[in-house]
Amino acid sequence: MKRTRGLAAAIAAGVLLIAACSDDKTTDSTTAPSTGDTVAVETTVATDDSTAETVADTTPVTDPVAAGWTVDTDNCVDPAAANAPIEGTIKIGSAMPLSGGAAAAAFAPVKDGFEAYIKYANEKGLLGDINIEVTIEDDQYNAELTPGAVAKQIDAGVNIFSGIIGSPNNLAVRDTLNDNCIPQLAALTGSPAWGEVADYPWTIGQLVPYPVESAVYAAQIAELYPDGAKVSLFHVNNEFGQYYVEAFKELADQYGIEIIGEETVEATDSNPPTAQITNIAAAKPDVIMAVPLGAQCISFLNEVANAKAANPGWTPATFLTNTCASSLILGASGQAANGLYTSSNLIDVVDPANAALPNVAEYLAYMGSVGKSDVAATAGAGWTTAEVTVAILKQAQASPEGLTQASIIKAARNFTYTPTLGLPGVEFKMNGEEDPYLAESLVVRQYAVAADGSGTFTDIGDLITEFES
Amino acid sequence: MKSLVSIREGGLASWALRLVAAAFVIGLVFWVPTSAGAGLISTAIEALTLMSAAMALNLILGYTGQISIGHSAFLGIGAYTTGIFVSRWGFSPWLTFPIAFLIAFVVGVIVSFPASRIKGVYLALVTLALGLVFPQLLTWKKLSWLTGGGAGLPNKDSQLQTTGFNIGRKEGQMLHFEIFGWDPFGDLRRPDNKAAFWYWIAAGVAVIVYLVCRGVVKSRVGRSMVAIRDNETAAAVMGVNLVKTKAMVFGLSAGLCALPGCVVAIKIGSVSPEGITSLTVKGAITFLIVMVIGGAGSLWGPIIGAALYVFVTEKTGEWANDDAIPALIRPLFAWAKVPPGDGIFAVLLILLMFVAPRGIVGVWNQYSSRIVRVLPRPAGAVGPAPMATAAMFTVTDSEGEHE
């Protein structure tokens, strides 16, 4: 027995250490969809003529009084609580992976950006005499822990939730929050599930739905190959990848696209996808449509570059999900990233060309003032999420009902807003069941790598707004 | 070593002690859902599911000496059985518990066959492979018609929108849980009521798993298991059917481990390999660590270990970024790239192996016996044991639990 226990302990300790050392792999992949959200902020060039002050004072376009969609609070667990005025302090809750290896490293900046904007909003008095309080619980990107994290915050009197990261995590608390009529704003995932307004009126997603991005690429491929294109798919084998490719496959015929191959990589796999890319190269497609995760983006690009070198004359266009399109990832890919197509709807705050833009300058200056300059490049997603949340609160406050949980969700679903770090023309808007998604506009961009290794994005065409409902 | 007090097993003092301990445990079990908020209740649910999984593992590892690092797969079988049967075929979630048990039992028996021929680190590797392959199997494209692939369940192909007790929001769904007209929870849409409802499901599963484990280890099969653990050859010589016993125990352990998986699926309302860490190999390692730290080969070991694990991970989760933690120490918790609780338990595990290889329960038994020693009844004795005779039996009881 003693020997068995000793062996068990030794194995457990050993595997634990291995797990600790290899944690990057798992968390890289599992967190990447949302990382991408962060990344999306970085990949765009843009101009926005709003000033630093407008960051704080942007007034929603929609007249709150004229809002069409409304919510029925009769079925709430406590209708009175849903309609009770929020005075003095509004408590915002969230759950993010704050520990758990690379997940924590990836999302810590989102938390920092979120908290920084709330601090900014309080300093500027954006909600008048209402103070905004934020608590962000750690769920380690594990949906088993999210209900507990959220329950704890409900116990503490949180009025709304915002910026919960991850599809399974948001799903795990969606019923509870809808039953109790607690707004679940700005879910940081692109799952189409956040558009189920009739069944889940209190839940709203923040990101461009994954199928929309997929459709944008399909349309762009059709433009590049008017006579039809042969496309190979490469995607991560999880919910994130599946949504992308299913949408792409559904649209293929419509855009004259022939799918000639499909290769997958597991979310936890950090090995270079050599075999998969070799298979793709053997089929010689015109286009590779790729949906990898996190560090897989780099290894994918490197493998494609190797395959191109091994197959002279084969120069496929590579379309890469915008979750990969950060300066960090593409910079690490070097020349392998040259020429790829991706998309975005927000400004790349680390591009020196954008540094002089008033909104970017204000953002960077404020992040510096709170000691978060080091994460400013990747904190934009958190900043934007908090900004949208505060804008919704402001609109609700201006409504005849005043600030209540019901007026907040009503404002959110009748909402038009220009994010300060958004590209020109980008509007976050929702309109009840007619337009259940906040962000549906994107611009396709091509990445070019100079001889010195620096990369720049070039817009391909105008902002695509046709998917806006 | 001499104790301050010696009492006889089965005597009045012994029963009084047992009653006090039972009252404490039962009081705690009832206090959580009736007095605590939804947050603490949710934490308790995590502890209860972990306890159940670790107790199931204890049966095969602690009592039978067969190492398994793949029990996460059995928990996953439970979670996916609930997910598939409810969301695809409209089964009642209650029915999925026995179904999950049976499926996991069969899989466990199948896995036990290599276990009957190999042991030690080789068996550990076989079960590790099971733990590693299972999540891959769930995402396998050819099985996605059943499992939902990487996206998990429910998805747009599944008949229902939820795998769990989707309480009250839609027409026809459960608002109240009544037992012969008695409504113990009230409106189940309230977070605290819903948490209490889940809590009692998790607690019920934990109690069932405990009672089954207790029944088994205190039976003839249990003595066979301990005999196999301590010396397989001697056990075989004494007439223990090694293959049959290992197969039954592996199957039972797997079946019991599936039950907390059902609870997890019900609680979350969806299942996916990404969303439930417990069904990955990290989950299996957690069960193992919890069991070893609590005390392998002891009925209470996994319970104590799981409670401690959840408490420590809950309290230390943000130590890497917590300003209350001295800046000099903080980087230690960020360095390992795992939640601080995991790092603390890794260190604790190594330390315990040196100073207390029988885990926390072993330490408790060792030091508590300096104050109160319970003298076991002599074998074959019907009435109360004479003190002089009973004093001869103080090392190990017949179920293999160390005194």
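Quick one: would you say A:ALA386 is in the same structural domain as A:ASN354 (by TED's automatic domain parsing) and of a type in the set (A, V, I, L, M, F, W, C)?
Details: in the same structural domain as A:ASN354 (by TED's automatic domain parsing): yes; of a type in the set (A, V, I, L, M, F, W, C): yes.
Judged against the criteria, A:ALA386 is a match.
Can you go through B:PHE97, B:PHE101, B:PHE85, B:PHE91 and tell me which one is more than 21 Å from B:GLY301 (Cα to Cα), part of a helix (DSSP H, G or I) and touching a Phe, Trp or Tyr at 6+ places or on another chain (Cβ under 9 Å)? Don't jump to the end; show me each part of the working.
On the way: B:PHE97 fails: touching a Phe, Trp or Tyr at 6+ places or on another chain (Cβ under 9 Å); B:PHE101 fails: touching a Phe, Trp or Tyr at 6+ places or on another chain (Cβ under 9 Å); B:PHE91 fails: part of a helix (DSSP H, G or I).
Just a single option satisfies the conditions, and that option is B:PHE85.
For A:ALA309, indicate whether it is among the small types (Gly, Ala, Ser), outside any loop (DSSP other than H, G, I, E, B) and surrounded by fewer than 23 Cβ atoms within 10 Å (Cβ to Cβ). Can you show your working first?
On the way: among the small types (Gly, Ala, Ser): yes; outside any loop (DSSP other than H, G, I, E, B): yes; surrounded by fewer than 23 Cβ atoms within 10 Å (Cβ to Cβ): yes.
Yes.
Scan the helices (runs of 4 or more DSSP H) fully inside the stretch B:310-403 and keep the ones with 3 or more residues being at pLDDT 65 or above.
Details: elements: B:330-335, B:340-355, B:359-371, B:387-390.
Counting at least 3 such residues, we get B:330-335, B:340-355, B:359-371.
Run A:ALA377 past the list (1) free of Cβ contacts under 8 Å to residues at least 40 places away in the same chain; (2) in contact with a helix residue (DSSP H, G or I) (Cβ under 7 Å, 6 or more places away or on another chain) and report the number of the one that doesn't hold.
Of everything listed in (1) free of Cβ contacts under 8 Å to residues at least 40 places away in the same chain; (2) in contact with a helix residue (DSSP H, G or I) (Cβ under 7 Å, 6 or more places away or on another chain), A:ALA377 misses just condition (1).
Here is a list of conditions, (1) in contact with an Asp or Glu (Cβ under 8 Å, 6 or more places away or on another chain); (2) crowded, with 24+ Cβ neighbours inside 10 Å; (3) among the basic types (Lys, Arg), and A:ARG174 meets all of them except one; can you say which number that is?
(1)
Out of A:ASN170, A:ASN142, report the one residue that is under 19 Å from the mean Cα position of the chain (by Cα) and either among the aliphatic types (A, V, I, L, M) or within 8 Å of chain B (Cβ to nearest Cβ) (or both). Steps first, please.
Working: A:ASN170 fails: either among the aliphatic types (A, V, I, L, M) or within 8 Å of chain B (Cβ to nearest Cβ) (or both).
Going through A:ASN170, A:ASN142 in turn, just one is under 19 Å from the mean Cα position of the chain (by Cα) and either among the aliphatic types (A, V, I, L, M) or within 8 Å of chain B (Cβ to nearest Cβ) (or both): A:ASN142.
Of the conditions (1) out of contact with any Leu (no Cβ under 9 Å at 6 or more places or on another chain); (2) away from chain B (no Cβ under 14 Å); (3) aliphatic (A, V, I, L, M), A:ALA156 satisfies every one except a single condition; which number is it?
Among (1) out of contact with any Leu (no Cβ under 9 Å at 6 or more places or on another chain); (2) away from chain B (no Cβ under 14 Å); (3) aliphatic (A, V, I, L, M), the lone unmet condition for A:ALA156 is (2).
Given the structure, is A:SER167 more than 24 Å from A:ALA80 (Cα to Cα), crowded, with 24+ Cβ neighbours inside 10 Å and not hydrophobic (A, V, I, L, M, F, W, C)? I'd like the intermediate steps shown before the answer.
Working: more than 24 Å from A:ALA80 (Cα to Cα): yes; crowded, with 24+ Cβ neighbours inside 10 Å: yes; not hydrophobic (A, V, I, L, M, F, W, C): yes.
In short, yes.
Residues checked against (1) more than 11 Å from every other protein chain (Cβ to nearest Cβ); (2) in contact with a strand residue (DSSP E or B) (Cβ under 8 Å, 6 or more places away or on another chain); (3) polar (S, T, N, Q); (4) surrounded by 24 or more Cβ atoms within 10 Å (Cβ to Cβ):
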position: B:GLY215; (1), (2), (3), (4): yes, no, no, no
position: B:ARG223; (1), (2), (3), (4): yes, no, no, no
position: B:THR233; (1), (2), (3), (4): yes, no, yes, no
position: B:VAL237; (1), (2), (3), (4): yes, no, no, no
position: B:LYS246; (1), (2), (3), (4): yes, no, no, yes
position: B:ALA254; (1), (2), (3), (4): yes, no, no, yes
position: B:PRO260; (1), (2), (3), (4): no, no, no, yes
position: B:GLU274; (1), (2), (3), (4): no, no, no, yes
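Could you look through the stretch A:217-266, keep only residues that are within 14 Å of chain B (Cβ to nearest Cβ), out of contact with any Pro (no Cβ under 8 Å at 6 or more places or on another chain) and not in a helix (DSSP H, G or I), and pick out the one that is modelled with the lowest pLDDT?
A:GLU266
Given the conditions (1) hydrophobic (A, V, I, L, M, F, W, C); (2) touching a residue at least 60 places away in the same chain (Cβ under 8 Å); (3) surrounded by fewer than 19 Cβ atoms within 10 Å (Cβ to Cβ), and given that A:ALA282 satisfies all but one, which numbered condition is not satisfied?
Of the numbered conditions (1) hydrophobic (A, V, I, L, M, F, W, C); (2) touching a residue at least 60 places away in the same chain (Cβ under 8 Å); (3) surrounded by fewer than 19 Cβ atoms within 10 Å (Cβ to Cβ), the odd one out for A:ALA282 is (2).
Check B:ALA73, B:ALA100, B:ALA79, B:ALA104 and return the single one that is within 12 Å of chain A (Cβ to nearest Cβ), among the small types (Gly, Ala, Ser) and closer than 23 Å to B:VAL133 by Cα. Steps first, answer last, please.
Values: B:ALA73 fails: within 12 Å of chain A (Cβ to nearest Cβ); B:ALA100 fails: within 12 Å of chain A (Cβ to nearest Cβ); B:ALA104 fails: within 12 Å of chain A (Cβ to nearest Cβ).
Step by step, each of B:ALA73, B:ALA100, B:ALA79, B:ALA104 is checked, and only B:ALA79 is within 12 Å of chain A (Cβ to nearest Cβ), among the small types (Gly, Ala, Ser) and closer than 23 Å to B:VAL133 by Cα.
Just to be sure I understand the filter: pairs with C-beta atoms under 6 Å, separated by 6 or more residues or on different chains, first member in the stretch A:176-192 and away from chain B (no Cβ under 13 Å) and touching a residue at least 12 places away in the same chain (Cβ under 8 Å), second member surrounded by 24 or more Cβ atoms within 10 Å (Cβ to Cβ) and among the acidic types (Asp, Glu). Which pairs pass?
Qualifying pairs under 6 Å: A:LEU188/A:ASP37.
Tally the residues that are modelled with pLDDT under 55 and either farther than 23 Å from A:ASP435 by Cα or among the basic types (Lys, Arg) (or both), restricting the search to the stretch A:52-107. Even if it seems obvious, please write down each step before you answer.
The first filter runs over the stretch A:52-107 and keeps only residues modelled with pLDDT under 55, leaving A:52-67, A:101-102.
Filter once more, so that each one left must be either farther than 23 Å from A:ASP435 by Cα or among the basic types (Lys, Arg) (or both): A:52-57, A:101-102.
Of the residues in the stretch A:52-107, 8 are modelled with pLDDT under 55 and either farther than 23 Å from A:ASP435 by Cα or among the basic types (Lys, Arg) (or both).
Taking the conditions exactly as written (part of a helix (DSSP H, G or I), over 25 Å from A:ALA172 (Cβ atoms) and touching a residue at least 12 places away in the same chain (Cβ under 8 Å)), does B:VAL205 satisfy them or not?
Spelling it out, it is not the case that B:VAL205 is part of a helix (DSSP H, G or I), over 25 Å from A:ALA172 (Cβ atoms) and touching a residue at least 12 places away in the same chain (Cβ under 8 Å).
Suppose the filter is modelled with pLDDT under 90 and in a helix (DSSP H, G or I); does B:SER14 pass it? Reasoning before the result, please.
On the way: modelled with pLDDT under 90: yes; in a helix (DSSP H, G or I): yes.
Yes; evaluated as a whole, the condition is true for this residue.
Quick check on my filter: what residues within the stretch A:183-210 are in contact with a helix residue (DSSP H, G or I) (Cβ under 6 Å, 6 or more places away or on another chain), surrounded by 24 or more Cβ atoms within 10 Å (Cβ to Cβ) and under 17 Å from B:GLY269 (Cβ atoms)?
A:GLN184, A:ALA187, A:THR189, A:TRP202, A:THR203, listed by residue number.
Let's see how each residue does on (1) at pLDDT 85 or above; (2) over 23 Å from the mean Cα position of the chain (by Cα); (3) not in a strand (DSSP E or B):
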position: A:TYR366; (1), (2), (3): yes, no, yes
position: A:ALA376; (1), (2), (3): no, no, yes
position: A:TRP383; (1), (2), (3): yes, no, yes
position: A:GLN397; (1), (2), (3): yes, yes, yes
position: A:MET430; (1), (2), (3): yes, no, no
position: A:GLU440; (1), (2), (3): yes, no, yes
position: A:GLN446; (1), (2), (3): yes, no, no
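A quick yes/no check of all residues on (1) more than 17 Å from the chain's Cα centre (by Cα); (2) over 17 Å from A:SER191 (Cβ atoms); (3) surrounded by 24 or more Cβ atoms within 10 Å (Cβ to Cβ):
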residue	(1), (2), (3)
A:VAL212	no, no, no
A:LEU224	yes, yes, no
A:GLN242	no, no, yes
A:ALA247	yes, no, no
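Is it fair to say A:ILE259 is crowded, with 21+ Cβ neighbours inside 10 Å, more than 21 Å from the chain's Cα centre (by Cα) and within 20 Å of A:LYS230 (Cα to Cα)? Before you say what the answer is, go through the steps one by one.
Numbers: crowded, with 21+ Cβ neighbours inside 10 Å: no; more than 21 Å from the chain's Cα centre (by Cα): yes; within 20 Å of A:LYS230 (Cα to Cα): yes.
No, not satisfied.
Please go through the stretch A:332-362 and pick out each residue that is assigned to a helix (DSSP H, G or I) and within 21 Å of A:ASP459 (Cβ to Cβ). Give the derivation first.
Initially, the stretch A:332-362 is screened for residues assigned to a helix (DSSP H, G or I), giving A:332-337, A:352-354, A:358-362.
Once the filter is applied, which keeps residues that are assigned to a helix (DSSP H, G or I) and within 21 Å of A:ASP459 (Cβ to Cβ), the stretch A:332-362 yields A:SER333, A:ALA337, A:PRO352, A:ALA353, A:ASN354, A:PRO358, A:ASN359, A:VAL360.
So the check is Cβ under 8 Å with 6+ separation or different chains; which pairs have a first residue in the stretch A:391-406 that's buried (at least 21 other Cβ atoms within 10 Å of the Cβ) and a second one that's of a type in the set (D, E, K, R) and part of a helix (DSSP H, G or I)?
Going by the 8 Å Cβ cut-off, the qualifying pairs are A:ALA396/A:LYS410.
The values are calculated or read from the model by the stated rules, or taken from the named source; none is laboratory data. These figures come from a predicted structure and were not determined experimentally. Positions of Cβ are backbone-derived with ideal geometry, glycine not excepted, and every protein chain shown enters the neighbour counts.
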